[in-house]
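Report on one structure; see the data block that follows.
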Amino acid sequence: MQSYTPVSLEQMKSVRLMNRIDTKYVTTQSKLVRLLELAREQYWVQEIDGRRNMPYYTLYYDTERCDMYLEHLRGRKTRQKIRIRAYEHSGVSFLEVKNKNNKGRTAKKRVECAVGEKDQHTDFIASHLHYAPERLMDRIENRFSRITLVNRNMTERLTIDTGLRFHNFSTDKACSLEGLAIIELKRDGQTFSPILELLRQLRIQPAKFSKYCMGMALTDEGLKNNRFKPRLRMINKMCKVDYTNDQLFLKK
């Protein structure tokens, strides 16, 4: 990534894309290396305090019955997720409600919120989530590292996540997906994207991948997962799923 031209966080604010179309791609880290080599003339990389690969932490909430997980499992087009996303390098974190509509467009509402302080924002939750705040409980947490690219026209963002690890609060089961890379193209509508031809060239196909749902399916054998089985097989084919309990993960 050192060969990429850096772009600052302030410059990136013009491509926040809070109401956008997201397309995900799942590949191996070896293919990712080749993609980054091909894309460096058309993209800049976000750099913060000299760092280009940033650590993230996410805590997902759901009901006791995992209603939001089950909505996704049943293939419901209109659905929601609620989480706290922490940008660990800066120490900033947000409580976020993500809404996906039946056109595939994602809209996100968020408020600054420290991990563990969700109950201080019940009014925000009640305003934006279909589920009552008192029904929510901690379900799963994850950590990963993220590279963020922006095209030179500043019309899209490309996030690249690696080193994904999960810990399930209900089962206390942990796993990591070493060797897997999750790429997400975020753009407003169908604007031209230079990365699409490169992805086709490397035969990296679009693949639906919810970190929340995949983490839950991998770490809770009691949950139904029939709709997710093709993606679970894809994960096992692409990388090693390590179920070793990682105590370092549990440190905040």
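The values are calculated or read from the model by the stated rules, or taken from the named source; none is laboratory data. This one's a predicted model, so the numbers in the text were calculated from it and none came from an experiment. All Cβ positions, even for glycine, are placed from backbone atoms using ideal geometry, and neighbour counts span all protein chains on display.
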Filter segment 96-116 for residues that are among the β-branched types (Val, Ile, Thr) and under 14 Å from the mean Cα position of the chain (by Cα); which is surrounded by the most Cβ atoms within 10 Å (Cβ to Cβ)?
-> Val97
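List the strands (runs of 3 or more DSSP E) inside segment 1-68, counting only whole elements, that have at least 1 residues being in contact with a strand residue (DSSP E or B) (Cβ under 8 Å, 6 or more places away or on another chain), closer than 30 Å to Asp138 by Cα and touching a residue at least 24 places away in the same chain (Cβ under 8 Å).
Counting at least 1 such residues, we get 19-28, 54-62.
Any idea which residue in segment 54-76 is nearest to Glu221 (Cα to Cα), counting only those that are loosely packed, with under 14 Cβ neighbours inside 10 Å and not basic (Lys, Arg)? Outline the logic, then answer.
Initial filter on segment 54-76 (loosely packed, with under 14 Cβ neighbours inside 10 Å): 64-65, 74-76.
Restricting the remaining residues to those that are not basic (Lys, Arg) gives 64, 75.
Numbers: Glu64: 16, Gly75: 20 Å.
Residue satisfying both the conditions and the ranking: Glu64.
Every residue in segment 77-88 that is surrounded by 13 or more Cβ atoms within 10 Å (Cβ to Cβ) and either in contact (Cβ under 8 Å) with a residue 40 or more places away in the chain or not hydroxyl-bearing (Ser, Thr, Tyr) (or both), please.
Of everything in segment 77-88, those that are surrounded by 13 or more Cβ atoms within 10 Å (Cβ to Cβ) and either in contact (Cβ under 8 Å) with a residue 40 or more places away in the chain or not hydroxyl-bearing (Ser, Thr, Tyr) (or both) turn out to be Arg79, Gln80, Lys81, Ile82, Arg83, Ile84, Arg85, Ala86, Glu88.
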Report the residue count in segment 38-83 for those that are under 30 Å from Gln2 (Cβ atoms) and basic (Lys, Arg).
-> 3
Checked segment 117-129 for anything surrounded by fewer than 13 Cβ atoms within 10 Å (Cβ to Cβ) and not in a helix (DSSP H, G or I); matches are Glu117
Checking Val92 against (1) at positive phi; (2) touching a strand residue (DSSP E or B) at 6+ places or on another chain (Cβ under 9 Å), the condition it does not meet = (1)
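Select from segment 88-147 the residues that are among the small types (Gly, Ala, Ser), more than 30 Å from Glu47 (Cβ to Cβ) and modelled with pLDDT of 95 or more and list them in ascending order.
Step one: of segment 88-147, the residues among the small types (Gly, Ala, Ser) are 90-91, 93, 104, 107, 114, 116, 126-127, 132, 145.
Of the ones still in play, those that are also more than 30 Å from Glu47 (Cβ to Cβ) are 104, 126-127, 132.
Across segment 88-147, the qualifying residues are Ala126, Ser127, Ala132.
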Among the residues of segment 150-180, the number that are more than 16 Å from Phe209 (Cα to Cα) and β-branched (Val, Ile, Thr) is 3
